[in-house]
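The values are calculated or read from the model by the stated rules, or taken from the named source; none is laboratory data. Keep in mind that this is a model prediction, so the values were computed, not measured. Here the Cβ positions follow ideal geometry from the backbone for every residue, glycine too, while neighbour counts run over all protein chains shown.
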Amino acid sequence: MGEWPAQPGPIVAMGLIALLFWIPLAWQFQVYRNLVRYSGGRSMAGLFYACAGLTIPLVIIFAFVQIPGVPRTLAVLQPIIFFLLLLFSRLGMRYVVFELVSQANVHLSQRRRLTIYGAGGAGQQLASSLRHEPHLRLVGFVDDDERLDGQRVDGLPVWHSAKLGRVIEDQEIDEVLLAIPSASRARRREIVTALQGRNIRVRMLPGIGQIIQGHVSTSDLRDVQVEDLLGRDPVAPDDQLMHRSIANKTVLVTGAGGSIGSELCRQILRAGAKRLILVERSEFSLYAIDAELRELARSEGIAVDIVAELADMSDRDAVVRTLDRYRPESIYHAAAYKHVPLVENNPIAGLRNNIFCTLYCTLAAEAASVERFILVSTDKAVRPTNIMGASKRICELILQARAVEQQRSLLAMVRFGNVLGSSGSVVPLFKEQIAAGGPVTVTHREVTRYFMTIPEASQLVIQAGSMARGGEVFVLDMGQPVQITDLAETMIRLTGLTVRDDGNPHGDIEVVEVGLRPGEKLYEELLVGDDPAPTAHARIMQARDAVKPWAELSALLERLDRMLRKGDAAAAIAIVRELVPEYRAGASANSAG
């Protein structure tokens, strides 16, 4: 190894040679295009590769060319020293200039102390994003894996989830971030339940799809919604059942702009329908779902002919014209008035729309030799205590009777309970009341309901319809019922607020009982009879309900039609009682005990 030169000339020559090769390498690896404030592992790796690349030409040159007074080992030492200087200068600038200065601008009392639940890949990506938030301070991770207890991830401690309560108290945690996107609803519910009563905010990351794509940042965090906790974990739909009555077919959906109808349209679109007919009488709802589906088809590259038909399916002539024009092979009949108090106060409109819309569509489907006609029904049709439920039970009777009378079309119905986020659901109402500062109103503290997410319910409707052989009443497994009071209190706590009650008189929001609405039950049922029959799908059962002969049914329907045209609500309701003997107006004793 030669001696260091007394004159700077050789070193300057060495520097010029290195600079000559460094410029294209720095451009190739974009060394000077990375923002110093957001420098991370990838930026540092780029520096390393660029400096390593610089070593190669320097070693080659100095192997053949000897610059007097410049040792050959400098060909290796210079890139190493240069890399270290670049590395420490950038880290120093990031952590000293940007991090410390920005944090100094945030008063210590304003910084929220966080812990991330989940020390896996999603949690680590989220932790990296949190470094750039001066008003937040991450104190560590919590994880279900006992092997990680006491370890450190990126310099931060990891605690086992069994210690979560103690960690929250000892570390004075203000917020818990759930970074477990693949966790089941049951597991999320357990975690949130464990955190209730601690007056801390809980937020979570989105679904696993975005995590796989590497899109994780603080902007992805959202408050835990009750939809994330209720119900069971959905099972993957059976592709064969999803496609059997849809793929390469013309499919018509009535009530296409409603909560269930619109989700049916999304599922049908993705299941490969050749043509999708959207039938809706609300102009705005039809416009909205038509625009959404066209954008969905464009973004996902789905080739389908979408037709928006503005029509009232309780108009017999309109029904016949629509089916004659488009000749659908499958029909999903979701159009109905479903809001119990409104239908109770407007029985003529409710009975006319729900019953005769179904009757006209069924008869027209038979005349047009539609392959499958599937009615979307409700658990309120079982021993109904309101006009809405009674009208839907009559709709079921119509399909059951016509299935016996004819063989041209497969007629079936699918019965299920409440869906989360629908227009008639209590969930949107509770959200509005909580946002307004309360109180949250429940009709009765003992009211319980079944809940299911709209996508799962729609998938099961399609799959049940594909299993139809004619006349079946399919019943969806809704899981365990939920007490509405518990639902309201959970939603309050999910926003980081407390429930005001006798045990906590200084809480934020009170839950107030306002009394049962007309026709409302305490407990909903899914079966008229007992002992439902299983089907090929674990979450679809078949009810064993009595069938009313068509001759008897049609005579009563003709009388009902006349009374509705006269506007005689009392006489119409009397006929409803003949059609549905188990109908008990306003009977809440099932219920009220």
Failed item in (1) charged (D, E, K, R); (2) outside the structural domain of S466 (by TED's automatic domain parsing); (3) modelled with pLDDT of 80 or more, with R517 passing the rest: (3)
Candidates T362, T358, filtered to the one that is buried (at least 22 other Cβ atoms within 10 Å of the Cβ), β-branched (V, I, T) and under 21 Å from E263 (Cβ atoms): T358
The range 502-517, residues that are surrounded by fewer than 13 Cβ atoms within 10 Å (Cβ to Cβ) and of a type outside the set (V, I, T): D502, G503, N504, P505, H506, G515
Among the residues listed as S314, S330, S299, the single one being assigned by TED's automatic domain parsing to the domain that holds S259, hydroxyl-bearing (S, T, Y) and surrounded by fewer than 20 Cβ atoms within 10 Å (Cβ to Cβ): S299
Some residue of the range 484-497 being more than 30 Å from I374 (Cβ to Cβ) and more than 25 Å from the chain's Cα centre (by Cα): no
Unmet requirement for P341, which otherwise passes all of (1) surrounded by fewer than 23 Cβ atoms within 10 Å (Cβ to Cβ); (2) over 30 Å from A570 (Cα atoms): (2)
V447 being hydrophobic (A, V, I, L, M, F, W, C) and at pLDDT 75 or above: yes
All positions within the range 169-186 that are modelled with pLDDT under 85, of a type in the set (D, E, K, R) and either in a loop (DSSP other than H, G, I, E, B) or more than 29 Å from the chain's Cα centre (by Cα) (or both): E172, D174
Which listed residue, of R166, R137, is in a strand (DSSP E or B) and basic (K, R): R137
Residue match in the range 416-427 (condition: over 27 Å from the mean Cα position of the chain (by Cα) and not acidic (D, E)): no
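Within the range 460-507, take every residue that is assigned to a helix (DSSP H, G or I) and acidic (D, E) and give me the one that is farthest from V440 (Cα to Cα). Break it down into steps so the answer makes sense when it comes.
Restricting attention to the range 460-507, the residues satisfying the condition of being assigned to a helix (DSSP H, G or I) are 460-467, 484-494.
Pick out the ones that are also acidic (D, E) and you get 486, 489.
Numbers: D486: 12, E489: 9 Å.
Among those that are assigned to a helix (DSSP H, G or I) and acidic (D, E), it is D486.
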The range 427-443, residues that are outside any helix (DSSP H, G or I) and touching a Gly at 6+ places or on another chain (Cβ under 7 Å): T443
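For the range 250-266, name all the residues that are of a type outside the set (A, V, I, L, M) and surrounded by 21 or more Cβ atoms within 10 Å (Cβ to Cβ). Spell out how you get there, then give the answer.
Initial filter on the range 250-266 (of a type outside the set (A, V, I, L, M)): 250, 254-255, 257-259, 261-263, 265-266.
T254, G255, G257, G258, G261, S262, E263, C265, listed by residue number.
Let's see how each residue does on (1) out of contact with any strand residue (DSSP E or B) (no Cβ under 8 Å at 6 or more places or on another chain); (2) more than 18 Å from L375 (Cα to Cα):
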residue: M242; (1), (2): yes, no
residue: N248; (1), (2): yes, yes
residue: L276; (1), (2): no, no
residue: I289; (1), (2): no, yes
residue: R316; (1), (2): yes, no
